[in-house]
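We did not get these values from a lab; they are worked out from the coordinates using the rules stated. Here the structure is a predicted model, which means the values were calculated and not measured. Here Cβ is always computed from backbone atoms with ideal geometry, including for glycine, and neighbour counts include all displayed protein chains.
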Amino acid sequence: AQSVAQPEDQVNVAEGNPLTVKCTYSVSGNPYLFWYVQYPNRGLQFLLKYITGDNLVKGSYGFEAEFNKSQTSFHLKKPSALVSDSALYFCAVRDRSSSNTGKLIFGQGTTLQVKP
Amino acid sequence: GAVVSQHPSRVICKSGTSVKIECRSLDFQATTMFWYRQFPKQSLMLMATSNEGSKATYEQGVEKDKFLINHASLTLSTLTVTSAHPEDSSFYICSALERTETGELFFGEGSRLTVL
């Protein structure tokens with residue numbers, strides 16, 4: 001069965017410091033991996049995705065994520081956090097075999113709190 | 001990116017009434033849409049997969065007669081919460097699948113339902 005784990009409910013970081021939001025996954029085949037961000041009472045906004053190719057993926061708002069197949073991880077990173085980055089972040093996975101169905105499995109979500 | 005419009009963004013209704021939420025893909029055709037439910041500070045729970053021109057596929061534990069889904073056109077899916085009760089109060093989010101090689105998913109802004 002497919003699953004996604006975000007081990008941290010909340011991550012606190014000071015503005016200007018680097019941030020990491022962790023994600024590990026479990027799928028039977030090769031995955032498509034995604035990160036989304038959600039602001040209060042809003043839908044999900046796409047940040048970045050890994051499909052194939054370079055393991056380091058760059059996305060919106062200065063975020064990046066590294067696909068690590070051996071560790072089955074896809075951690076989200078940003079070199080310098082902003083207060084405006086404070087939000088709820090979701091990692092999601094989709095088995096390539098289900099690419100036509102589009103069904104995503106979401107992690108539990110991690111609240112990022114960036115303090116001035 | 002593509003735009004998915006969800007309406008209404010907020011709705012308050014009395015217990016026992018029915019509420020309809022619309023999800024529209026504005027600049028692409030979506031043969032598949034998904035409906036999620038989200039409780040405060042929790043992840044998205046997939047309720048059902050909506051396929052244009054056919055019956056929706058519901059996830060285990062989701063009542064079909066309670067949450068009616070209609071996908072009558074390639075750009076519109078509706079979720080009707082029938083005979084709503086306070087426990088149905090939640091944040092409902094739709095997403096639409098754009099037919100590309102990787103199957104890009106785009107999310108609506110969500111609908112906050114409060115049942116009094």
Checking the stretch B:1-109 for trypsin sites (Lys or Arg not before Pro) in a loop per DSSP with at most 10 other beta-carbon atoms within 10 Å yields B:14
Eigenvalues of the alpha-carbon gyration tensor of the stretch A:1-44, times 5 and square-rooted, give semi-axes in Å, largest first, of 24, 15, 10
Rg (one decimal) and Dmax (whole number) from the Cα set of the stretch B:27-116, in Å, equal 13.1, 44
Less than 24 Å apart at the alpha-carbon level, and either on another chain or at least 8 residues along: which lysines does that give for residue A:22? A:49, A:58, A:69, A:77, A:78, A:103, A:115, B:41
Cα-projected label distance for residue A:80 with residue A:113, points at 7 Å along beta-carbon direction, nm: 2.5
Just to check, using Stokes-Einstein with a Kirkwood Rh over alpha carbon pairs, what's the diffusion coefficient of the protein assembly as shown at 10 °C and 1.306 mPa s in µm²/s? 87
Quick one: if you take sqrt(5λ) for each eigenvalue of the C-alpha gyration tensor of the stretch A:3-115, what semi-axes come out, biggest first, whole angstrom? 23, 15, 12
Could you give the nm distance between label points at residue B:63 and residue B:17, where each point is 7 Å from its Cα heading toward the beta carbon? 1.9
